[in-house]
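Engineer: Following this message is one structure expressed as structure tokens.
The values are calculated or read from the model by the stated rules, or taken from the named source; none is laboratory data. Everything quoted here is computed from the prediction, not taken from an experiment. So basically every Cβ, Gly included, is an ideal-geometry build from the backbone, and we count neighbours across all protein chains shown.
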Amino acid sequence: MAEQTTLATTGNSLVAEAFRQCAPDVVAAYPITPQTVIVEDFAKFVAQGRVHTEYVTVESEHSAMSASIGASAAGARVMTATSSQGLAYMWEMLYIASGLRCPIVLANANRTLAAPINIHCDHSDVMGARDAGWIILFAETAQEAYDNTIISVRIAEHPDLLLPVMTTLDGFITTHSIDRAQIMDDETVKAFVGERTPEFALLDYEHPVSHGNFAGLGGTFFEFKKAQRLAFDSAMPIVKQMGEEWAKICGRPFEVVESWGMEDAEVAVVVIGSTAGNVRHVARELRADGVKAGVVKIRVFRPFPARELAEALKNVKAIGVMDRSDSLGAEGGPVFLELRSALYDMGCRIPMIDYVYGLGGADVRLELIREVYTDLADLAAGTPAPLGITYLGAK
Amino acid sequence: MTTFDIGSMSEWTAEQYPRGAVIPEGGTSDQYVTGGWRSERPVRDDDKCTQCLLCWVFCPDTSVRVKDEKVYDFDYDHCKGCGICANECPSDAIVMVPEGCELREAK
């Protein structure tokens, strides 16, 4: 086992540490709460000479992503970080990064979108970007945020993928709370991520290429989009392989879908991000009272782990889905919609309830999660599922 | 000469395209015939032409053909008919004529 140091620190500091260890050639970033500490710490590392990165201070997130795309096309390893309105402001460039197959790694501190103005956690920002062609990882803890960031570099730059990766952690809850985590020594991370070896680098003047070409005539655009779809269809085994390689080095498991108590669970809650810990805590208490409660945590949202989820959930009698964002006007939040679709394809007709919770940092108290498990027990006993979405704890 | 043959592009499947719409080598615009964009074509009067080569200097598509320091033709496969050559010619030796009428008009 490689040398690791145990620290008590914040998720943001750990992500900045992971950035330093992955040694990006270029970081172009703009500060925004609650992500600011990542780029602030990283700027300090650059100033101290602890990492040799071209640090581009831009005037907006739109420019941050634009500069990242240019640098990535030039052949550089590029990392950046943002949150909320910043991610929204990057929106058009997110599609360009993925369409041009720029393996950029973006750390997102999950925060809601205005209005009304609010700086606290939910998943509205990242879920709004879920169709932008980025691989998306969620961290439950600061430790996972650190590990996911390192794994992201390998996934993004994998020669069969070349897809940008969004590695996310929950705003304030994970970005700012002090958590116990282990960090790897620099040499081990350096050996794990290796160097980027671009196939077509704009700065390779011996082999001139052009990026960002027009594909408007003759229908070629359609085939480029199909090529992106094919890359995503092949991504899951690569995501798993990269995660498992890192798991072997650091000794912490990597599972795209993490099951707790699912061997014999009758009721299960599906959750993403920091709330998974609270749900597990409640499930553990309920187990002591004889309730067969299970928890399924999604760590990789894109590509969506449809088969893994169906496999984990196929034997339960009722499912509660925790959505920390809404898809207004749709039949449920993003996690619910995708999960129900995945189960339908696998032939599972398990009753499900969608809970939208914690919007704008609304407190997710343990009694609310107990309420979810009580609903699920009723559902398992034959009470019909309520129509529409339940706003958990909203008055 | 380039090795990236775009002539067969219409037959390619999604797997065959270079990733991310990259054109993997230089000089491929030679294979991309843009003459069909033209609505007017330049026609040169050899009697008026003084061989000053200003048309060759100004053409944005390197479509003025020169041999032994003399203009002898236009590359109609790539000339988009912008008319800059006709505009720059100090001897009025180049006129732009509507596509398809060049034989009648040039007389």
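Engineer: Could you run through the stretch B:1-30 and say how many residues are away from chain A (no Cβ under 12 Å), over 12 Å from the mean Cα position of the chain (by Cα) and under 30 Å from B:Val95 (Cα atoms)?
Structural biologist: 0
Engineer: What about A:Ile389, is it crowded, with 17+ Cβ neighbours inside 10 Å and either modelled with pLDDT of 95 or more or more than 30 Å from A:Ile173 (Cα to Cα) (or both)? Before the answer, list the steps.
Structural biologist: Values: crowded, with 17+ Cβ neighbours inside 10 Å: yes; either modelled with pLDDT of 95 or more or more than 30 Å from A:Ile173 (Cα to Cα) (or both): no.
In short, no.
Engineer: For the stretch A:97-107, state whether one or more residues are more than 17 Å from the chain's Cα centre (by Cα), at positive phi and within 14 Å of another protein chain (Cβ to nearest Cβ).
Structural biologist: Yes; the residues of the stretch A:97-107 include at least one that is more than 17 Å from the chain's Cα centre (by Cα), at positive phi and within 14 Å of another protein chain (Cβ to nearest Cβ).
Engineer: On to the next question. Regarding the stretch A:59-82, can at least one residue be identified that is among the hydroxyl-bearing types (Ser, Thr, Tyr), within 15 Å of the chain's Cα centre (by Cα) and either outside any strand (DSSP E or B) or away from chain B (no Cβ under 14 Å) (or both)?
Structural biologist: Let us first name the residues in the stretch A:59-82 that are among the hydroxyl-bearing types (Ser, Thr, Tyr), namely A:60, A:63, A:66, A:68, A:72, A:80, A:82.
Keeping just the survivors that are within 15 Å of the chain's Cα centre (by Cα) gives A:80, A:82.
Next cut, either outside any strand (DSSP E or B) or away from chain B (no Cβ under 14 Å) (or both) only: A:80, A:82.
So far as the stretch A:59-82 goes, yes, one or more of its residues are among the hydroxyl-bearing types (Ser, Thr, Tyr), within 15 Å of the chain's Cα centre (by Cα) and either outside any strand (DSSP E or B) or away from chain B (no Cβ under 14 Å) (or both).
Engineer: Now for a separate question. Regarding the stretch A:147-165, can at least one residue be identified that is more than 16 Å from A:Arg196 (Cβ to Cβ) and surrounded by fewer than 24 Cβ atoms within 10 Å (Cβ to Cβ)?
Structural biologist: Here is the first cut: in the stretch A:147-165, the ones more than 16 Å from A:Arg196 (Cβ to Cβ) are A:147-148.
With the extra rule that they be surrounded by fewer than 24 Cβ atoms within 10 Å (Cβ to Cβ), the set shrinks to none.
No; the residues of the stretch A:147-165 include none that is more than 16 Å from A:Arg196 (Cβ to Cβ) and surrounded by fewer than 24 Cβ atoms within 10 Å (Cβ to Cβ).
Engineer: Same structure again: Looking for something hydroxyl-bearing (Ser, Thr, Tyr), assigned by TED's automatic domain parsing to the domain that holds A:Ala215, buried (at least 18 other Cβ atoms within 10 Å of the Cβ) and in a helix (DSSP H, G or I) - is there at least one such residue anywhere in the stretch A:92-115?
Structural biologist: Pass one, the stretch A:92-115, residues hydroxyl-bearing (Ser, Thr, Tyr): A:95, A:98, A:112.
Then keep just the ones that are assigned by TED's automatic domain parsing to the domain that holds A:Ala215; that gives A:95, A:98, A:112.
Still in the list and also buried (at least 18 other Cβ atoms within 10 Å of the Cβ): A:98, A:112.
Retained after the next criterion (residues that are in a helix (DSSP H, G or I)): A:98.
Yes - at least one qualifying residue is present in the stretch A:92-115.
Engineer: Could you check how many residues of the stretch B:68-82 are part of a loop (DSSP other than H, G, I, E, B) and of a type in the set (Phe, Trp, Tyr)?
Structural biologist: Summing the residues that are part of a loop (DSSP other than H, G, I, E, B) and of a type in the set (Phe, Trp, Tyr) in the stretch B:68-82 gives 1.
Engineer: Now, a different point. Assess whether A:Leu162 counts as being over 21 Å from A:Ile298 (Cβ atoms) and either over 19 Å from the mean Cα position of the chain (by Cα) or among the β-branched types (Val, Ile, Thr) (or both). Outline the logic, then answer.
Structural biologist: Details: over 21 Å from A:Ile298 (Cβ atoms): yes; either over 19 Å from the mean Cα position of the chain (by Cα) or among the β-branched types (Val, Ile, Thr) (or both): no.
Criteria not met by A:Leu162.
Engineer: Same structure, new question: Filter the stretch A:32-53 down to residues that are more than 24 Å from the chain's Cα centre (by Cα) and part of a loop (DSSP other than H, G, I, E, B) and give me whichever is surrounded by the most Cβ atoms within 10 Å (Cβ to Cβ). Before you say what the answer is, go through the steps one by one.
Structural biologist: Of all residues in the stretch A:32-53, those more than 24 Å from the chain's Cα centre (by Cα) come to A:44-53.
Next cut, part of a loop (DSSP other than H, G, I, E, B) only: A:48-53.
Working: A:Gln48: 9, A:Gly49: 7, A:Arg50: 13, A:Val51: 20, A:His52: 10, A:Thr53: 22.
Filtering the stretch A:32-53 for residues that are more than 24 Å from the chain's Cα centre (by Cα) and part of a loop (DSSP other than H, G, I, E, B), the one surrounded by the most Cβ atoms within 10 Å (Cβ to Cβ) comes out as A:Thr53.
Engineer: Are any of the residues in the stretch B:34-51 closer than 30 Å to A:Gly70 by Cβ, within 13 Å of chain A (Cβ to nearest Cβ), touching a helix residue (DSSP H, G or I) at 6+ places or on another chain (Cβ under 8 Å) and part of a loop (DSSP other than H, G, I, E, B)? Spell out the reasoning first.
Structural biologist: The first filter runs over the stretch B:34-51 and keeps only residues closer than 30 Å to A:Gly70 by Cβ, leaving B:34, B:37.
This time we only want the ones that are within 13 Å of chain A (Cβ to nearest Cβ), so: B:34, B:37.
Restricting the remaining residues to those that are touching a helix residue (DSSP H, G or I) at 6+ places or on another chain (Cβ under 8 Å) gives none.
No - not one qualifying residue is present in the stretch B:34-51.
Engineer: Related question: Can you confirm whether the stretch B:55-63 contains a residue that is surrounded by 17 or more Cβ atoms within 10 Å (Cβ to Cβ), in a helix (DSSP H, G or I), away from every other protein chain (no Cβ under 14 Å) and small (Gly, Ala, Ser)?
Structural biologist: Within the stretch B:55-63 (the criterion being surrounded by 17 or more Cβ atoms within 10 Å (Cβ to Cβ), in a helix (DSSP H, G or I), away from every other protein chain (no Cβ under 14 Å) and small (Gly, Ala, Ser)), the answer is no, since none of the residues qualifies.
Engineer: Moving on to the next point. Can you find a residue in the stretch A:191-203 that is part of a helix (DSSP H, G or I), more than 8 Å from chain B (Cβ to nearest Cβ), buried (at least 18 other Cβ atoms within 10 Å of the Cβ) and under 24 Å from the mean Cα position of the chain (by Cα)? Before you say what the answer is, go through the steps one by one.
Structural biologist: The first filter runs over the stretch A:191-203 and keeps only residues part of a helix (DSSP H, G or I), leaving A:191-193.
Subset that is more than 8 Å from chain B (Cβ to nearest Cβ): A:191-193.
The next check asks that each one be buried (at least 18 other Cβ atoms within 10 Å of the Cβ); those that pass are A:192-193.
From what is left, the residues that are under 24 Å from the mean Cα position of the chain (by Cα) are A:192-193.
Yes: the stretch A:191-203 contains one or more residues that are part of a helix (DSSP H, G or I), more than 8 Å from chain B (Cβ to nearest Cβ), buried (at least 18 other Cβ atoms within 10 Å of the Cβ) and under 24 Å from the mean Cα position of the chain (by Cα).
Engineer: Kindly state which helices (runs of 4 or more DSSP H) lie completely within the stretch A:214-296 and contain at least 1 residues that are touching an Asp or Glu at 6+ places or on another chain (Cβ under 8 Å) and closer than 30 Å to A:Thr5 by Cβ. Give the derivation first.
Structural biologist: On the way: elements: A:220-233, A:235-250, A:275-288.
Those helices (runs of 4 or more DSSP H) span A:235-250, A:275-288.
Engineer: Cβ-Cβ distance below 8 Å, separation of 6 or more or different chains: which pairs start in the stretch A:303-327 with a residue that is aromatic (Phe, Trp, Tyr) and end on one that is surrounded by fewer than 24 Cβ atoms within 10 Å (Cβ to Cβ)?
Structural biologist: Close Cβ pairs (under 8 Å, with a partner that is surrounded by fewer than 24 Cβ atoms within 10 Å (Cβ to Cβ)) amount to A:Phe304/A:Glu338; A:Phe304/A:Ala342.
Engineer: In this structure, is A:Thr6 under 16 Å from A:Ala145 (Cα atoms) and out of contact with any helix residue (DSSP H, G or I) (no Cβ under 6 Å at 6 or more places or on another chain)?
Structural biologist: Numbers: under 16 Å from A:Ala145 (Cα atoms): yes; out of contact with any helix residue (DSSP H, G or I) (no Cβ under 6 Å at 6 or more places or on another chain): yes.
So A:Thr6 passes the test.
Engineer: Going by the conditions given, is B:Cys85 touching a residue at least 40 places away in the same chain (Cβ under 8 Å), in a loop (DSSP other than H, G, I, E, B), surrounded by 15 or more Cβ atoms within 10 Å (Cβ to Cβ) and away from every other protein chain (no Cβ under 14 Å)?
Structural biologist: Numbers: touching a residue at least 40 places away in the same chain (Cβ under 8 Å): yes; in a loop (DSSP other than H, G, I, E, B): no; surrounded by 15 or more Cβ atoms within 10 Å (Cβ to Cβ): yes; away from every other protein chain (no Cβ under 14 Å): yes.
For B:Cys85, the condition - touching a residue at least 40 places away in the same chain (Cβ under 8 Å), in a loop (DSSP other than H, G, I, E, B), surrounded by 15 or more Cβ atoms within 10 Å (Cβ to Cβ) and away from every other protein chain (no Cβ under 14 Å) - is not met.
Engineer: Right, another one. Identify all residues within the stretch B:24-53 that are surrounded by fewer than 16 Cβ atoms within 10 Å (Cβ to Cβ) and among the aliphatic types (A, V, I, L, M); write none if there are none.
Structural biologist: Within the stretch B:24-53, B:Val33, B:Leu53 qualify.
Engineer: Do we find that A:Val56 is buried (at least 24 other Cβ atoms within 10 Å of the Cβ), out of contact with any His (no Cβ under 9 Å at 6 or more places or on another chain) and in contact (Cβ under 8 Å) with a residue 12 or more places away in the chain in this structure?
Structural biologist: On the way: buried (at least 24 other Cβ atoms within 10 Å of the Cβ): no; out of contact with any His (no Cβ under 9 Å at 6 or more places or on another chain): yes; in contact (Cβ under 8 Å) with a residue 12 or more places away in the chain: yes.
In short, no.
Engineer: If you don't mind, another one. Using the structure shown, decide if A:Val51 is of a type outside the set (Ser, Thr, Tyr) and touching a strand residue (DSSP E or B) at 6+ places or on another chain (Cβ under 8 Å). Before the answer, list the steps.
Structural biologist: Numbers: of a type outside the set (Ser, Thr, Tyr): yes; touching a strand residue (DSSP E or B) at 6+ places or on another chain (Cβ under 8 Å): no.
It is false that A:Val51 is of a type outside the set (Ser, Thr, Tyr) and touching a strand residue (DSSP E or B) at 6+ places or on another chain (Cβ under 8 Å).
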